[in-house]
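The values are calculated or read from the model by the stated rules, or taken from the named source; none is laboratory data. Since the structure is predicted, the reported quantities are computational estimates derived from the model, not experimental observations. FYI the Cβ positions are ideal-geometry reconstructions off the backbone, even for glycines, and counts take in every protein chain you see.
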Amino acid sequence: MRTFKNSFFQSFFGSQLKIIIFTLILILVSSLFIVTKIDKSPIFKSIRSSSISIVYYISSVVVSPAKFVVDGVSKIIEIRSVYKDNEQYKKERLIESKSFQELVSLKLKIVEYERLLNLNEDLDYDFITSRVIADLSKKYFSSILVDVGKKDGVFENMPITGPNGLLGKITDIDQSISRGMLVTDVSSRIAVSISEESFQGILIGQNQRNPRIDFVKEFSQVIIGDLVTTSGKGGIFPPYIFVGQVVKKGKDYLEVELFEDIDYLTHIRLLNFNNNISNDF
């Protein structure tokens, strides 16, 4: 088998070598006829003209593919260089973008924390500022985990607020962490007032972004855009804490858009309001 392979390669490359040698000799002889002035007879002129044609033909056959290959390689190198430059540019832009996003995120956290400290300064309640360490919301409930607990003075049903208004209440407490139920939870029930007329109703969570209000006697008098606040009934939440505004009137219910964005909570505040707490709401 090895002998067959050797004879095959020798035969193949031998024939190729012969063609190359013959081509080179033909080019050399033709070139001599072109550049020499051996004779001005018609025969030599004819031979020299033929030599020029042969050399031109051979050069076009040999040089053109070579030029094509060289040009192709040059294009590939150029494209690869452009690709590398583009990748480097993308990496630099990505680094800049991440740095910018981190800076913006940090600034937003600082602003939110400052707003929490200044929230409802007119309400005379002590409070505990806490960081949200986990969003525990699932399909059938909405809740968060915060980094304060019994050792920090947290107690059950403690109201949870944000920079813009009500968020929920504390339901479970450990020594250093607590779980809070959001107003969007299906188990959440909060007594609220609607508009300046103080129409009464119950804010009910639906595990959706917007909770609803039921049991409004003056339903027909409520208009889109009416302000919704806590009523203070039930004893868990103090009155006059902002909740949201009416954005839709159903057949027998009102849909409320919260002032707080519950999807992006980082810090919250727990109000120390303990006024004959009842579990009715």
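What are the residues in the stretch 254-267 that are over 16 Å from Ser198 (Cα atoms) and either outside the structural domain of Ile204 (by TED's automatic domain parsing) or surrounded by 14 or more Cβ atoms within 10 Å (Cβ to Cβ) (or both), if any?
If the condition is that a residue be over 16 Å from Ser198 (Cα atoms) and either outside the structural domain of Ile204 (by TED's automatic domain parsing) or surrounded by 14 or more Cβ atoms within 10 Å (Cβ to Cβ) (or both), then Glu255, Glu257, Leu258, Phe259, Glu260, Ile262, Leu265, Thr266, His267 are the ones that fit.
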Check your understanding: What's the number of the condition Gln200 fails, among (1) more than 37 Å from the chain's Cα centre (by Cα); (2) touching a residue at least 24 places away in the same chain (Cβ under 8 Å); (3) surrounded by fewer than 17 Cβ atoms within 10 Å (Cβ to Cβ); (4) more than 15 Å from Arg189 (Cβ to Cβ)?
Key -> (4)
Review point. Any idea which residue in the stretch 150-159 is surrounded by the most Cβ atoms within 10 Å (Cβ to Cβ), counting only those that are farther than 16 Å from Gly232 by Cβ and in contact (Cβ under 8 Å) with a residue 40 or more places away in the chain?
Key: Val154
Check your understanding: Among the listed residues Ser74, Ser176, which satisfies the condition of being surrounded by fewer than 16 Cβ atoms within 10 Å (Cβ to Cβ), over 27 Å from the mean Cα position of the chain (by Cα), at pLDDT 95 or above and not acidic (Asp, Glu)?
Key -> Ser176
Exercise for review: Assess whether Val183 counts as being over 13 Å from Val243 (Cβ atoms) and either touching a helix residue (DSSP H, G or I) at 6+ places or on another chain (Cβ under 6 Å) or at pLDDT 95 or above (or both).
Suggested key: no
Exercise for review: Evaluate the following for Pro159: is it touching a helix residue (DSSP H, G or I) at 6+ places or on another chain (Cβ under 6 Å) and on the phi < 0 side of the Ramachandran plot?
Suggested key: no
Review point. Among the residues of the stretch 236-253, which ones are part of a loop (DSSP other than H, G, I, E, B) and either in contact (Cβ under 8 Å) with a residue 12 or more places away in the chain or surrounded by 14 or more Cβ atoms within 10 Å (Cβ to Cβ) (or both)?
Key: Ile236, Phe237, Pro238, Pro239, Tyr240, Ile241, Gly250, Asp252, Tyr253
Point to revise | Test: residue in the stretch 232-239 that is within 13 Å of Ser195 (Cβ to Cβ) and of a type outside the set (Lys, Arg) | key: no
Exercise for review: Check whether at least one residue in the stretch 221-241 is within 30 Å of Lys151 (Cα to Cα) and under 35 Å from the mean Cα position of the chain (by Cα), and report yes or no.
Suggested key: yes
Review point. Any residue at all in the stretch 189-208 that is within 15 Å of Pro159 (Cα to Cα), out of contact with any Ser or Thr (no Cβ under 8 Å at 6 or more places or on another chain) and at pLDDT 95 or above?
Key: yes
